[in-house]
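Read through the structure below, which is laid out as structure tokens, and then see the notes.
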Amino acid sequence: MNVIYCGVGGQGIVLMSNIVGEACARKGIHVVSGELHGLSQRSGSVIVHQRIGDGLSPLIPYGGADVILALEPMEALRYVYFLKPGGTVITNTRLIHHPYETENFVKGKIEKYVTYEEIVENIKKAGAKLYEIDAIKLAEEAGTALAQNVVLVGALTALPDFPIDKETMLEAVKASVPEKAVEANVRAFELGYKAMKELL
Amino acid sequence: MSLKEVLKEEPHVGYMLTNEAIVRAALEADVKVAAFYPGSPQTEILDTFDRVSHYRDDLVVEIAANEKVALETVAGAAFVGLRGFTSMKSVGGNVASDTLYSLAYTGVKGGLVVVIADDPYAHSSQSEQDGRWFGYTAYLPMLEPSNPQEAYEMVKKAFGLSEKYGSVVLVRTTTRVNHQSGLVKVGKLKRTPFDKLSWRENRRSYATVGSLARKFKAELLEKVAKMKEDPEFLALNRVEYFDGKEVKVAKPEEAKGIGIITSGVAYSYVLESLQKLGREAYVLKLGVLNPIPEKLIGDFIEGLERVVVVEELFPYIEGFVRQIAKEKNPDLEMIGKKSGHFLEMLEYNVPIVIKVLAEVLGRELPFDYEGHFKRMWELAKLAPPRMPTFCAGCPHRATFWALRRAMGRPENYYLANDIGCYSMLALEHIGWTDSLLAMGASLGIAHGVQHSAQERVVTVVGDSTFFHAALPGIVNAIHNNAKMTLIILDNAVTAMTGQQAHPGSPKKVNPYEKRIDIESVLRGLGVEKIVVIDSFQARKNIGKLREALKYDGLSVVISRGECALYHFREYRRAGGKIVPYFVDKEACERAYNCIRDFGCPAIVVDETDLKAKILPEVCVGCGVCAQLCPHNAIHSTAVLYGGEDKPHVTIEDYRELEQIMLRRGGQ
């Protein structure tokens, strides 16, 4: 399975792929990931490619991703060219507007912010099966807004053709997050898993 | 990062980043001294070593002032006979290269391995450099892995090869190898205690001038000739036969028809492309970039009709293949960069490689990659660009805001920028940059410009850059009585690469480190006009900056404010609570000073009333925006709780705060 993880710098995108990678190691499933880190600033666009099971190179070819897992909807759309025709997009529902967009707005260079509905419409036009999850809300319910990434990992795990079982994924979550945040992250994972099951 | 995978003593299979696998390999090779300067894409090697050093007392890990000093440090260890390791990004390789070329001459006693990490596509670099020429032109062996497993194996092997030849061994990587993760099978971690050796007993000459240099050069050429024949080096190159499904080991002489020569991450694109095309081909995967295995390449191409060379950046391998083909197979058709099939720039991927291979192998593309990309791009364009920007709470944003106001008319100034987070000023629409070249280069450029331009010259460096390469430029400016303003953005750490320590940093890697105070250095050098400001006092700083800009001579402004990511992480660890700011909707008159030319990611427009709004989950409470508001409409949320910090402010709490403020009718 080919998965694109994306979002905005600071949301914990690399951790999502590390959790799945850790689970693959536990199951002995072949995995290759291509991450892009370098500039440590927040607010930039971040993407990680992950090939679970098959796939030889660290980058998913255009039209080759089974799933786009997005912590921010605009980023789901930005990388939609990686999605295979009819592929799945799981996205957080809250937009994060970049300061340039805000500045263009107040300077009258754009009339309004791009809306969630417009973004979602284009994701659908791209032929994606779309699942929307308010990950921040669920993460806060679990105890910390920081766990929104783990909510989405839970949602990814709930996909019928996801190649790793829930128990292994939970073990990987426990092994990957800071010790004092384990409980909240386990709850976040369960909430994401449940929310996705309901959507399916 | 999975430190435990790196430290686990028993052999195991772990999910690792290549940069972590490299550290594991060096540890298994019993490396004793490692030194670095950070820089993407190799920074995680330093970070992992730094963290490992907290758990092990059998190695020395240091962050050096720059790559040249780091290389010299590990070379010193290797002169004595201990194993040394350093890594650097491509442009850091330039800084170290002065020493590297001479070090190639003298050689080393203890194994010394140097990773040079290139960045095709210039994801986070000033240029797309090709570090493969360092190996070739310095006569140093150079290996190139294509994935984390190979990186682990090659780095481990490189130490032995280094000692066998008394030579530095280079390992060349690229961003897509450094930042690739996968399952890595590692061996037992068995280390020896750190015991100093006797230099007296081990010593030999490491001096190279004139007659000595000529002697060394002759030895160097002999070494390279031996390496060419060495089975240990040759075993790192591989001929494979791919039948459309599976890869099998093959002999070079077997290659017929169409063959492919490749190395590094491009090898993985080649294999995946062949798999997708379901077509057979012979592949020569080079693991050694210097010395080039000429005989092997000759044997491989001898029976071929066409050869495709797949490599990013320079046609480095292609050039050798062309030369060898002249003798071995003059009729060979070459597909590569010179034929126009591949670009000499950017990084490759499967769609780029498969397109050429499909054409050469006479197969239909299994998928219309270009068409799909174009169709999807039309839809994706709706998403506004999201380039990196100064973080919420970044001191640089506040400094530049004040600088801009102090200048009044920026067109009266020349701004020589440098390498660091502040480089983003060149991207920022709120900012401006007249030049930006290399670490510390701003000082020399500014010096030349102040000789030549009518405009007042302002130059910017960060604290880490100050120590890395700006000092000689500063000495030069003082000595030659330059008339300009130097702004040193002191945020306490090397922020851009992930908040590593530097010589002026309050943060330490080793307990024996001494902190060097930038202001004292400048006073000692004889700078007469030094203005120290608190970056976050943006409004107050305008006047102080203006004073520095007007000074008839060299003025230096030290703007102190800790990197937001570093500061707030430490603050949280110490039990501190973040107190976000909020907009008093009654007082806000939509002047947008907090948004215009400030660009904080925490501030957005509330579409319901078109007033400014601060996102509490992004705001870190630096409070600079409150200074910008002409209507005094921005306040700390602490105010609402009678001066008490609320431990955790959720979005719902924030909504409630807004309601409370509305009911109160402002402050």
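The values are calculated or read from the model by the stated rules, or taken from the named source; none is laboratory data. Fair warning: this is a prediction, and the values are worked out from it, not measured in the lab. Heads up, the Cβs are rebuilt from the backbone with ideal geometry, glycines too, and the neighbour counts pull from every protein chain shown. To get the accessible areas, we keep the full protein, side chains included, count just its heavy atoms, and leave off ligands, DNA and RNA. Shrake-Rupley method; radii C 1.70, N 1.55, O 1.52, S 1.80 Å.
Tally up the residues in region B:451-467 that are open to solvent by less than 10 Å² (accessible area, probe 1.4 Å) and farther than 14 Å from B:C421 by Cα, please.
The number of residues fulfilling the criteria is 3.
Restricting to strands (runs of 3 or more DSSP E) lying wholly in region A:27-118: which have 3 or more residues that are free of Cβ contacts under 8 Å to residues at least 40 places away in the same chain, within 20 Å of A:G12 (Cα to Cα) and of a type in the set (D, E, K, R)?
Per the criteria, no element qualifies.
So which of A:D134, A:D165 ends up being acidic (D, E), within 27 Å of B:Y15 (Cα to Cα) and more than 9 Å from chain B (Cβ to nearest Cβ)?
Answer to the selection: A:D165.
Step by step: first the residues of region B:471-499, then only those that are touching an Asp or Glu at 6+ places or on another chain (Cβ under 7 Å) and over 23 Å from B:A538 (Cβ atoms), then the one that is surrounded by the most Cβ atoms within 10 Å (Cβ to Cβ). Which residue is that?
In this case the residue turns out to be B:G498.
Mind counting the residues in region A:11-47 that are more than 8 Å from every other protein chain (Cβ to nearest Cβ), within 21 Å of B:C421 (Cα to Cα) and not hydrophobic (A, V, I, L, M, F, W, C)?
Final tally of qualifying residues: 2.
Restricted to region B:348-406, and to residues that are polar (S, T, N, Q) and facing another protein chain (nearest Cβ under 7 Å), which residue is farthest from the chain's Cα centre (by Cα)?
As a first pass, look at region B:348-406 and keep what is polar (S, T, N, Q): B:349, B:389, B:399.
Among the residues that remain, those that are also facing another protein chain (nearest Cβ under 7 Å) are: B:349, B:389.
On the way: B:N349: 21, B:T389: 17 Å.
Among them, the one singled out is B:N349.
Just need a number here: residues in region B:45-66 that are within 14 Å of chain A (Cβ to nearest Cβ) and buried (at least 24 other Cβ atoms within 10 Å of the Cβ).
So the answer is 3.
Identify the residue in region B:274-294 that is assigned to a strand (DSSP E or B) and within 14 Å of chain A (Cβ to nearest Cβ) and, among all such residues, is nearest to B:G131 (Cα to Cα). Talk me through it step by step, then tell me what you get.
Residues of region B:274-294 assigned to a strand (DSSP E or B): B:281-286, B:288-290.
Next, from what is left, pick out any that are within 14 Å of chain A (Cβ to nearest Cβ): B:283, B:285.
Values: B:V283: 24, B:K285: 19 Å.
Result: B:K285.
Taking B:A453, is it free of Cβ contacts under 8 Å to residues at least 24 places away in the same chain and either more than 14 Å from every other protein chain (Cβ to nearest Cβ) or among the hydrophobic types (A, V, I, L, M, F, W, C) (or both)?
Judged against the criteria, B:A453 is not a match.
Mind counting the residues in region B:107-141 that are open to solvent by 10 Å² or more (accessible area, probe 1.4 Å), touching a residue at least 40 places away in the same chain (Cβ under 8 Å) and more than 20 Å from the chain's Cα centre (by Cα)?
3
I want to confirm something. Restricting to region B:456-476 and keeping residues that are of a type in the set (A, V, I, L, M, F, W, C) and more than 21 Å from B:V95 (Cα to Cα), which single residue is farthest from the other protein chains (Cβ to nearest Cβ)?
B:V457
Would you check which residues across region B:177-207 are among the aliphatic types (A, V, I, L, M) and within 17 Å of B:R83 (Cα to Cα) and list them?
B:L189, B:L197
Applying the selection to region A:61-83, what residues are open to solvent by less than 10 Å² (accessible area, probe 1.4 Å) and more than 8 Å from chain B (Cβ to nearest Cβ)?
A:A65, A:V67, A:I68, A:L69, A:A70, A:L71, A:E72, A:P73, A:A76
Would you check if there is a residue in region B:71-78 being farther than 16 Å from B:S162 by Cα and buried (at least 21 other Cβ atoms within 10 Å of the Cβ)?
no
Can you tell which of B:E150, B:E144 is surrounded by 20 or more Cβ atoms within 10 Å (Cβ to Cβ), out of contact with any Cys (no Cβ under 7 Å at 6 or more places or on another chain) and within 14 Å of chain A (Cβ to nearest Cβ)? Talk me through it step by step, then tell me what you get.
On the way: B:E144 fails: within 14 Å of chain A (Cβ to nearest Cβ).
Among B:E150, B:E144, only B:E150 is surrounded by 20 or more Cβ atoms within 10 Å (Cβ to Cβ), out of contact with any Cys (no Cβ under 7 Å at 6 or more places or on another chain) and within 14 Å of chain A (Cβ to nearest Cβ).
Can you work out which of the residues in region B:493-544 that are part of a loop (DSSP other than H, G, I, E, B), away from chain A (no Cβ under 14 Å) and touching a Phe, Trp or Tyr at 6+ places or on another chain (Cβ under 8 Å) is modelled with the lowest pLDDT?
B:K507
Can you list the helices (runs of 4 or more DSSP H) found entirely within region A:143-200 that contain at least 3 residues being under 16 Å from the mean Cα position of the chain (by Cα) and within 21 Å of A:N92 (Cα to Cα)?
A:148-157, A:182-199
Using the structure shown, decide if A:T115 is within 13 Å of chain B (Cβ to nearest Cβ) and either aliphatic (A, V, I, L, M) or more than 24 Å from A:E183 (Cβ to Cβ) (or both).
Criteria met by A:T115.
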